[in-house]
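Below is one structure; the comments refer to it alone.
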């Protein structure tokens, strides 16, 4: 497992989330939004677990969820579930949001397509998805 200082963690996160700075990481640590720091020798360090939690926090905050809700949600998830949320961070980067089109099929289903998808294929995908949601084949 990799270990990081807060500064190293901030540098790592800023590749995907420029808004995640040293001050923000320390604040999230202070309010208990991420798990307690690990001990390496006599120093407290961040690990890959903290990196995954912070990626998930950024992902959820980009969807408009409050920090209080994020804290509650993450506390009830397994590490694998937290990791899955963090893996979706790239979907919320501004370039992807601007370039891709998201079609809301229902409260639980969204279809996101890139600019290279033809309108015909997009329509076929929407029809197929609608049928699947209705239980049709």
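Rule-based calculations on the coordinates, nothing more; no lab input. Fair warning: this is a prediction, and the values are worked out from it, not measured in the lab. Here the Cβ is made from the backbone with ideal geometry for all residues, glycine too, and neighbour counts use every protein chain on show.
List of remarks:
- In nm, spacing of pseudo-spin labels at residue 71 and residue 133 (7 Å Cα→C-beta vector): 3.5 nm
- Distance between modelled label sites at residue 103 and residue 84, nm, 7 Å Cα→Cβ extension: 2.5 nm
- Per-residue ellipticity at 222 nm from helix content only, as computed over the chain with -39500 (n - 2.57) for each DSSP H run of at least four residues, stands at -15500 deg cm²/dmol.
- 0 to 90° range, to nearest 10: angle between helix 48-62 axis and the chain longest Cα axis: 50 degrees
- Result for the chain in a Gaussian network model with C-alpha springs under 10 Å: among 86, 41, 64, the largest mean-square fluctuation is at 41.
- Cα centroid separation - the range 41-91 against the range 10-24, whole Å: 13 Å
- Applying 0.36 nm per residue to the separation of residue 44 and residue 110 and subtracting their alpha-carbon distance, the gain on full extension is 19.7 nm.
- Full-extension gain in nm, residue 8 to residue 23, via 0.36 nm per residue minus C-alpha separation: 4.1 nm
- Candidate values (1) 15.4; (2) 17.0; (3) 17.9, label of the one derived for Kirkwood radius over Cα pairs in Å: (2)
- With contacts taken as Cα pairs under 8 Å at a separation of at least 6 residues, the range 1-50 carries a relative contact order of 45 percent.
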